[in-house]
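Have a look at the structure below, then the notes.
The values are calculated or read from the model by the stated rules, or taken from the named source; none is laboratory data. Only a predicted model underlies this, so the values are computations on that prediction, with no experimental measurement involved. Using ideal geometry, Cβ is built from the backbone for each residue, glycine included, and neighbour counts are taken over all protein chains shown. Note: accessible area is taken over every heavy atom of the protein model, side chains too, but ligands, DNA and RNA are not part of it. Shrake-Rupley method; radii C 1.70, N 1.55, O 1.52, S 1.80 Å.
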Amino acid sequence: MIYSMTGYGKSRSSKNKISVEVEVKSINSRFFEVSLKLPSVLSQYDYELREHIKTKIQRGKINVVIHFKKNGVENGVSIDQKKLAAQLSLIKKVKKLAGIKEEIKLEHIIGNKELFTAQDSELTKAEFELIKTTMNKAFEKLIAMKKKEGAELSKDFLVRIENISSKVSEIEIDFKKSINEYYSRLKQRMKELIENPEINEERLNLELALIADRADITEECVRLKSHLKFFKESLKNEKEPGKKLNFLCQEMNRETNTISSKSIATSIIHTSVFIKEEIEKIREQLQNIE
């Protein structure tokens, strides 16, 4: 089974005046990368959370954002509303006494640290478990989406593999038809070119047979069909088939190139071009799987 590298998941949980929201996004990347945005209260758990994420995803660029509220306050900081009201009242009085008409701005009050109250920076074990549980649920949704998209990719792969398989069968039929014609044309042409009427017919047939043998693509077709078979099996059975499927694509492309270069019929060359196009489309899509 294959999984797409793109996905999205979001989960919310709340318990005992604690609320947690985790949002997870995954996009294509050659390697495994994690971008983790945490509130200050969770900064000390950065490494532990990253290690936990590694158990969920193996490849791709992962973006995780965690929001944590305690008693309705996010990031462990609350505003003392009474002190804020007193501060605003004081500023208004000063403005009136000094005859200042300037409006009250944020910078006039943000510098007063007494207006802000820090919450406990230590999380309890239960609070941290709630965060991990919420993260797990977000990743479950992400993985479900990755699996769904992976299933669609798998369908596309199978259609293209069947297209290639059908074209290989056409090539085998065309080759059997063309090889005898090719042999006969060579023989006739050589007779026309050689003026010696006492030409050794047996030697001529042998040389022509060797030339025709060099154009034989039977082995390449057999190997190509074998690669197609293993590709389909890997889609269904491999846990992480990405590398194996990429390798099989390389081998399929190599066999197709050989078939094209040895071809003695224009129809086979044209069919080989179609196969190479299908393989390239598969390789492009393989970059999207985990």
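Quick one: Leu204 ticks every box in (1) assigned to a helix (DSSP H, G or I); (2) modelled with pLDDT under 90; (3) within 30 Å of Ile27 (Cβ to Cβ) bar one, so which box is it?
The number of the failed condition is (3).
Out of Ile289, Ile264, Ile282, Ile268, report the one residue that is buried (at least 17 other Cβ atoms within 10 Å of the Cβ), of a type in the set (A, V, I, L, M), modelled with pLDDT under 90 and within 30 Å of Lys56 (Cα to Cα).
Matching residue, one of Ile289, Ile264, Ile282, Ile268: Ile289.
List every residue pair whose Cβ atoms lie under 7 Å apart, where the two residues are 6 or more positions apart in sequence or sit on different chains, the first residue falls within the stretch 122-147 and is over 20 Å from Lys37 (Cβ atoms), and the second residue, located anywhere, is of a type in the set (Ser, Thr, Tyr).
What qualifies is Met145/Tyr8; Lys146/Tyr3; Lys146/Ser4; Lys146/Ser26; Lys147/Tyr3.
If you go through the stretch 10-19 one residue at a time, do you hit one that is closer than 28 Å to Lys236 by Cβ and touching a residue at least 40 places away in the same chain (Cβ under 8 Å)? Break it down stepwise before answering.
Residues of the stretch 10-19 closer than 28 Å to Lys236 by Cβ: none.
No, every residue in the stretch 10-19 fails to be closer than 28 Å to Lys236 by Cβ and touching a residue at least 40 places away in the same chain (Cβ under 8 Å).
Kindly establish whether Asp80 is modelled with pLDDT under 85 and either within 30 Å of Glu233 (Cα to Cα) or among the acidic types (Asp, Glu) (or both).
Working: modelled with pLDDT under 85: yes; either within 30 Å of Glu233 (Cα to Cα) or among the acidic types (Asp, Glu) (or both): yes.
Yes: the conditions hold for Asp80.
From the list Lys125, Lys148, Lys96, which residue is at pLDDT 90 or above and either aromatic (Phe, Trp, Tyr) or open to solvent by 80 Å² or more (accessible area, probe 1.4 Å) (or both)?
Only one candidate qualifies: Lys148.
Rundown of residues vs (1) open to solvent by 60 Å² or more (accessible area, probe 1.4 Å); (2) at positive phi; (3) without any contact (Cβ under 8 Å) to a residue 40 or more places away in the chain, yes/no style:
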position: Phe32; (1), (2), (3): yes, no, yes
position: Leu36; (1), (2), (3): no, no, yes
position: Val41; (1), (2), (3): no, no, no
position: Glu48; (1), (2), (3): yes, no, yes
position: Thr55; (1), (2), (3): yes, no, yes
position: Arg59; (1), (2), (3): no, no, no
position: Lys69; (1), (2), (3): yes, no, no
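Quick check on the stretch 151-172: of everything there that is loosely packed, with under 15 Cβ neighbours inside 10 Å and of a type in the set (Ser, Thr, Tyr), which residue is farthest from Ala265 (Cα to Cα)?
Restricting to residues being loosely packed, with under 15 Cβ neighbours inside 10 Å and of a type in the set (Ser, Thr, Tyr), the top hit is Ser166.
State which residue is most open to solvent (accessible area, probe 1.4 Å) when the search covers only the stretch 1-30 and only residues that are hydroxyl-bearing (Ser, Thr, Tyr) and more than 20 Å from the chain's Cα centre (by Cα).
Ser14
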